[in-house]
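Some notes on the structure that comes next.
Derivation of every value follows stated rules applied to the coordinates shown; laboratory data play no part. All of these numbers come straight from a predicted model, not from anything done at the bench. We place every Cβ from the backbone using ideal geometry, glycine too, and count neighbours over all the protein chains shown.
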Amino acid sequence: MKTLSLKVLTAMPSTVRFTSPSNIALVKYWGKFGRQFPMNPSISMTLNNCYTDCAITYSEVSENNAGVNSFEFEGEQNEKFKARIEKFLSSIKDKMPMLNSLSLDIKTSNSFPHSAGIASSASAMSALCMCLAAIAENTGTKYASELSRLASGSACRSVFPHYAIWGESKDFDSTNYFAVPYADFNESFSSVHDAICIVSSAEKEVSSSVGHDLMNDHPFIEARIDQANDNLKKILAAMKIGDWKSFGLILENEALTLHALMMTSNPSFILLKGRSLEIIEAIRKFRNDTDLPIYFTIDAGPNIHILYPDSIKLEAVMFLEEKIKPLCENGKIIHDTIGLGPVKK
Ligand code: DP6
């Protein structure tokens with residue numbers, strides 16, 4: 001096998017281990033085509049505290065014995081995740097031919113509670129793919145990002161520090177194949193907080209695959225693609241000069257657009273809860289009263305992410321404790337920040 005490294009040929013099992021974080025989209029990826037290509041460009045902020053820890057022990061075996069030998073999640077064998085990963089690995093053999101002769105024992109765990117209502121596919125898949133890229137001795141982030149994209153679209157953005165852009169766009173030199181880092185931002189965007197307010201920790205009502213499919217014959221698809229391109233251009237301009245007000249208005253517009261698209265698709269979904277709306281109202285009221293730069297975004301669920309710069313941390317934390325915490329399930333808020341991406345262990 002000419003693609004195998006000497007390390008693998010010794011037949012002694014080796015282990016690679018990475019942590020990789022989740023990310024929060026600022027301009028949302030919603031709708032896909034072909035082999036996991038996005039219908040519109042997106043940009044996300046890489047998180048710090050919400051990450052997956054993945055270790056893969058691998059050894060060379062005959063083709064008949066290749067595949068996932070075991071998959072452990074949070075210390076327990078998990079057949080459901082094992083089947084999902086096996087399917088994914090079979091689908092990327094053209095990108096990583098050595099998978100035809102490797103046996104893998106995979107152990108993963110999350111830094112955040114499983115039922116916290118946080119999308120874990122971005123961290124889980126990017127951590128797995130960072131390990132795979134290391135096994136393939138292809139340490140360029142481009143390859144890890146491409147593998148991650150094939151596992152879960154949003155995961156391709158998690159392999160970079162700070163911010164990452166994925167998907168062809170009219171104004172930025174990005175591609176559908178992998179994400180690219182975005183570093184041309186003002187100092188005030190280098191230490192951003194994300195308070196993840198848990199409205200419900202229940203399983204997602206709509207899988208993201210079902211959600212993306214709804215865009216295939218959505219009546220607003222053309223307008224959405226134009227809007228996402230426009231929002232990306234505007235948000236980058238705002239981040240470059242430290243214009244938090246323009247940034248925040250686009251952030252909220254993207255979150256509400258995502259939910260509006262779900263509400264107006266066929267079938268339609270309403271994922272926001274009463275408490276989600278109460279939190280949104282409280283943020284807007286606080287902003288009006290204080291003129292402080294504090295804004296929300298939302299993924300495909302009821303939980304609200306509240307973003308603010310480090311310069312207003314004191315006021316923001318007081319507001320969160322007083323006004324937002326009582327609106328959250330069991331008072332749960334996960335305090336996260338912008339992060340630096342995967343770490344080799
Ligand atoms: C609303 O990346 O979870 O979070 O590619 O099917 O795995 P798949 O979807 P996924 O979709 C994420 C959608 C989103 C917006 C975003 O992260 O950009």
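Read phi for every residue in the range 121-132 and hand back ³J(HN,Hα) as whole Hz from Karplus 6.51 cos²θ - 1.76 cosθ + 1.60, θ = phi - 60°, with x for Gly and Pro.
Using θ = phi - 60°, the values come out as 5, 5, 6, 4, 6, 6, 5, 4, 6, 4, 5, 4 Hz.
Given 0.36 nm per residue, what is the gain on full extension from Leu277 to Asp291 after removing their alpha carbon distance, in nm?
On the way: separation 14, 0.36 × 14 = 5.04 nm, distance 2.03 nm.
Extra length available between Leu277 and Asp291 comes to 3.0 nm.
Using the Cα centre as the reference, give the magnitude of the dipole from point charges on the C-beta atoms of the range 120-192 (Lys, Arg: +1; Asp, Glu: -1; all else neutral), rounded to the nearest 20 debye.
220
Work out how far the C-alpha atoms of the range 297-339 reach from end to end along every principal axis, then list the three figures in whole Å, largest first.
Its Cα atoms span 28, 24, 14 Å along the three principal axes.
Regarding the range 62-172, what are the three Cα extents along the principal axes, ordered largest first, in Å?
Its Cα atoms span 48, 35, 19 Å along the three principal axes.
For the chain, what does the relative contact order come out to in percent, with C-alpha contacts under 8 Å and a separation of six or more?
On the way: 734 pairs, mean separation 80.2, N = 345.
Contact order relative to length: 23 percent.
Using only the alpha-carbon atoms of the range 202-345 as identical scatterers, what base-10 log of I(q)/I(0) does the Debye formula give at q = 0.15, 0.20 Å⁻¹?
So the normalised log intensities work out to -0.90, -1.34.
So what is the orientation-averaged projected area of the range 129-228, using the convex hull of its C-alpha atoms, in nm²? The partial results should precede the final answer.
On the way: hull surface 36.2 nm².
Result: 9.0 nm².
Count neighbours as other Cβ atoms within 10 Å of each site's Cβ, and list the trypsin sites (Lys or Arg not before Pro) in the range 13-67 that are DSSP loop with at most 15 such neighbours.
On the way: sites: Arg17, Lys28, Lys32, Arg35; in loops: Lys28, Arg35.
Sparse-neighbourhood loop trypsin sites (Lys or Arg not before Pro): Arg35.
Say R0 is 22 Å: what FRET efficiency, to the nearest 0.05, do Asp217 and Arg35 get from their beta-carbon distance? Please list the in-between numbers first.
Details: r = 20 Å, r/R0 = 0.91.
Efficiency, from the Cβ-Cβ distance: 0.65.
Compare Pro326, Pro161, Pro309 in a GNM of the chain, Cα atoms joined below 10 Å, and give the one with the largest fluctuation.
Taking springs between Cα atoms under 10 Å, the residue moving most is Pro326.
Can you sort Glu187, Glu146 by how many other beta carbons sit within 10 Å, fewest first? It would help to have the intermediate numbers written out before the result.
Numbers: Glu187 10, Glu146 22.
By the 10 Å Cβ count, ascending: Glu187, Glu146.
For the range 225-293, what's the radius of gyration and Dmax over Cα atoms, in angstrom?
Values for the range 225-293 (Cα only, Rg and Dmax): 14.2, 41 Å.
Which FRET efficiency value, to the nearest 0.05, do you get for Val317 and Glu76 by plugging their Cβ-Cβ distance into 1/(1 + (r/R0)^6) with R0 = 30 Å? Walk me through the numbers on the way to the answer.
Numbers: r = 36 Å, r/R0 = 1.19.
Approximately 0.25, to the nearest 0.05.
Given a Förster radius of 56 Å and the C-beta distance between Ser246 and Asn69 as r, what FRET efficiency does 1/(1 + (r/R0)^6) yield to the nearest 0.05? The partial results should precede the final answer.
Working: r = 51 Å, r/R0 = 0.91.
The calculated FRET efficiency here is 0.65.
Tell me which residues come under 5 Å, amide H to amide H, from Tyr182 once H is placed; ignore anything under 5 positions away on its chain.
When sequence neighbours closer than 5 places are left aside, the close amide H contacts are Tyr163, Ala164, Ile165.
If you average 1/r over all unlike Cα pairs in the range 22-82 and invert the result, what Kirkwood radius do you get in angstrom?
Values: mean 1/r = 0.0650 Å⁻¹.
15.4 Å is the Kirkwood radius here.
List the equivalent ellipsoid semi-axes of the range 124-163 in whole Å, largest first, each obtained as the square root of 5λ for an eigenvalue λ of the Cα gyration tensor.
Working: eigenvalues 42, 24, 12 Å².
One finds semi-axes of 14, 11, 8 Å for the range 124-163.
Work out the P(r) tail for the chain: percent of alpha carbon pairs separated by more than 36 Å, whole number.
Working: 11766 of 59340 pairs.
More than 36 Å apart: 20 percent of the Cα pairs in the chain.
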